[in-house]
Amino acid sequence: MLFAMRLLVIGAILLVTGPGSTRGQEPVAAAVETTMATHGDEIRQLAYDGRMATFFAAEKPASADDHFTMVFEKPVIVKSIVVTTGRPDGTGKVDEGALEISADGKMFRKLADFKDGIARGEERKEPVRAIRIRPGATTAPIAIREMALVTDRPVPVFRYPVEFVVDTTDAPELKEWAEDVARTCERAYPIINDELASDGFMPPRVIRMTISKSYRGVAATGGDRIVGSVDYFKNHRKDVGAMVHETVHVVQSYRRGKRPGWLVEGVSDYIRFFRYEPGHLGRIDPRTAHHDGGYRVSAAFLAYLTAKYDPEIVRKLNAAMREARYEEGLFEKLTGKDLKELDDEWRATLQP
Ligand SMILES: [Zn+2]
């Protein structure tokens, strides 16, 4: 299991471009892949998070064939690259390895050697699709602190570094599917976290996703662990949104205090249906719908409040629940109307 996991592409970010961005400056997403297993929570994306204090750490010493590769969604001109390896305490440096680049992501050539843990280079003519670190065989596990890039188009760093660890022991036939889903959830992570940002909050960076035979529902989340049903996902492989919904629960990180279930599920489905997969909500029946219907019904209610009263209302409600200061009166504070009035108003807008 571990060996197979090592070969997978780990993480990518999805980018939202502003309305004013020109074609030439559209950000290019990066993904990090490696043959080396991760040590604890020192995950791959930490090698490109814009911070020198954090780093990717390998679980074991590198062998001659190991690599750590950053792949760009589209080719970019690399005006400068500096790769710094080793932990802040000086251990885990790459001393004899090479830094390589590739125009197509397949054929690589050497750009620079590592010297005292650092490699620098540039390639101003040919667009680059991938940058690869070949540490060579080492006696100790390596650490990659940061890859600093100057490129013609922005390649945003991982602002919310995350790594999903997938367990499909119960259903090996779902392994490939689950790994794909995990990558999708990793790409959705910045969207979820931007929508649900609050002061001083950083989301979990290691999330365990287990596909279980004994679990009877669709999927559930406790802390930073997600469990999904083998039976359900075997027959509903396209329902990736259900796992994005669970990923939102991880980010919500509600630990204490009161919070109504309809709102917890409503926030999660709001992110799913209005940010991750717009247009998939389906019809809401005005005869039966109420704000506290939960899931997609409450999501639609929150979307109404977002459009009519406050574009930040979901973020504010989430922050209140996360900080254990939620109370129903918050709706009146944010909109000037109580939940009963808001409910009537929203229902009147639904199409019969
Ligand atoms: Zn849920």
Note: among 214, 268, 229, just one is in contact with a helix residue (DSSP H, G or I) (Cβ under 6 Å, 6 or more places away or on another chain) and of a type in the set (S, T, N, Q), namely 268
Exactly one of 264, 297 is more than 30 Å from residue 166 (Cα to Cα), open to solvent by 10 Å² or more (accessible area, probe 1.4 Å) and within 15 Å of the ligand (Cβ to nearest atom), and that residue is 297
Residue match in the stretch 267-280 (condition: away from the ligand (no atom under 11 Å from the Cβ), at pLDDT 95 or above and more than 24 Å from residue 160 (Cβ to Cβ))
no
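Let's see how each residue does on (1) within 14 Å of the chain's Cα centre (by Cα); (2) over 19 Å from residue 269 (Cβ atoms):
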position	(1), (2)
195	yes, no
211	no, yes
218	no, no
222	no, no
236	no, no
239	no, no
254	no, no
Filter pass, residue 110 being out of contact with any strand residue (DSSP E or B) (no Cβ under 8 Å at 6 or more places or on another chain), loosely packed, with under 14 Cβ neighbours inside 10 Å and either not β-branched (Val, Ile, Thr) or not assigned by TED's automatic domain parsing to the domain that holds residue 34 (or both): no
With criteria (1) surrounded by 15 or more Cβ atoms within 10 Å (Cβ to Cβ); (2) within 16 Å of the ligand (Cβ to nearest atom); (3) under 22 Å from the mean Cα position of the chain (by Cα), residue 319 comes up short on (2)
Residue in the stretch 218-231 that is open to solvent by 10 Å² or more (accessible area, probe 1.4 Å), polar (S, T, N, Q) and either within 12 Å of the ligand (Cβ to nearest atom) or in contact (Cβ under 8 Å) with a residue 24 or more places away in the chain (or both) present = yes
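The values are calculated or read from the model by the stated rules, or taken from the named source; none is laboratory data. Since this is a predicted model, take the numbers as computed values, not measurements. Quick reminder, even Gly has a Cβ in these numbers, built from the backbone with ideal geometry, and neighbours come from all protein chains shown. Ligands, DNA and RNA are excluded from the accessible area calculation, which covers all protein heavy atoms including side chains. Shrake-Rupley method; radii C 1.70, N 1.55, O 1.52, S 1.80 Å.
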